[in-house]
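First the structure, in the form of structure tokens, and then the observations on it.
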Amino acid sequence: MPITKSALDELLIIHRDRRTRLYDFLETVPEDILTRPASGPWGNIVGMLAHSVRTEAYWIHEVARGQSLGLPRSAYVSDLAAVRGIADTVNQATSAYLASLDDSALAALVADDTGREFPVSMSFLHAITHDVYHRGQVLLLVQQSGRDVPDLDYL
């Protein structure tokens, strides 16, 4: 079932706020924690953040919109400032794209590279929930280093 534009508008506002608050918090975390090797394919916290932003760009812009933003691959992003710069680009593009859509456009079907079809609105929801998943992983890794972490719940 498609998600309405008004619901996505509200969700995106909250999502952007929590992403900004996460990045602001991470600027207080020592670089050695952000770049400490972690299990999984992204290598460390910075790599995981870059992957999450690239995932939004892929699902919303490449799959739903049909346009690449031409971002660097996650493996080539080495620090939090670079991730923030990429996130700013993606945030602006995502907000502009959502502003251009109405409920009927959000209900239109698109297909991923496997041919699986879903409403455009689900690409937004997938990107946002994917980011929430990785935000939790990032906060857990920071907490395991002995630091207190902020509450970034949506409610």
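Of these, L26, L34, L69, which one is over 19 Å from H130 (Cβ atoms), touching a helix residue (DSSP H, G or I) at 6+ places or on another chain (Cβ under 6 Å) and not polar (S, T, N, Q)?
Working: L26 fails: over 19 Å from H130 (Cβ atoms); L69 fails: over 19 Å from H130 (Cβ atoms).
None of the others qualify; the one that does is L34.
Surrounded by fewer than 16 Cβ atoms within 10 Å (Cβ to Cβ) and part of a loop (DSSP other than H, G, I, E, B): which single residue out of G136, G146 fits that description? Let's see the steps before the verdict.
Details: G136 fails: part of a loop (DSSP other than H, G, I, E, B).
Just one listed residue meets the conditions, G146.
Could you list all residues from segment 90-119 that are assigned to a helix (DSSP H, G or I), closer than 30 Å to V46 by Cα and either at pLDDT below 95 or of a type in the set (A, V, I, L, M, F, W, C) (or both)? Give the derivation first.
Step one: list which residues in segment 90-119 are assigned to a helix (DSSP H, G or I), which gives 90-99, 103-107.
If we keep only those that are closer than 30 Å to V46 by Cα as well, we get 90-99.
Those that are assigned to a helix (DSSP H, G or I), closer than 30 Å to V46 by Cα and either at pLDDT below 95 or of a type in the set (A, V, I, L, M, F, W, C) (or both): V90, A93, A96, L98, A99.
Based on what the data block shows, is A75 of a type in the set (G, A, S), at pLDDT 95 or above, in a helix (DSSP H, G or I) and over 23 Å from Q143 (Cα atoms)? Reasoning before the result, please.
Values: of a type in the set (G, A, S): yes; at pLDDT 95 or above: no; in a helix (DSSP H, G or I): yes; over 23 Å from Q143 (Cα atoms): yes.
Judged against the criteria, A75 is not a match.
Could you list, in sequence order, all residues of segment 17-52 that are part of a helix (DSSP H, G or I) and in contact with a Ser or Thr (Cβ under 8 Å, 6 or more places away or on another chain)? Before you say what the answer is, go through the steps one by one.
The initial filter retains those residues of segment 17-52 that are part of a helix (DSSP H, G or I), namely 17-26, 31-34, 45-52.
Correct list: I33, I45, V46, G47, A50, H51.
In the set G115, G85, which member is surrounded by fewer than 19 Cβ atoms within 10 Å (Cβ to Cβ) and within 19 Å of S68 (Cβ to Cβ)? Give the derivation first.
Details: G115 fails: within 19 Å of S68 (Cβ to Cβ).
After ruling out the rest, the residue left standing is G85.
Restricting to segment 53-72, name every residue that is touching a His at 6+ places or on another chain (Cβ under 6 Å) and either assigned to a helix (DSSP H, G or I) or basic (K, R) (or both).
Hits for segment 53-72 are T55, W59.
The values are calculated or read from the model by the stated rules, or taken from the named source; none is laboratory data. Bear in mind the structure is a predicted one, so any value in this text is a computation, not a measurement. Because the Cβ atoms are built from the backbone with ideal geometry, glycine has one as well, and the counts that use them run over all protein chains shown.
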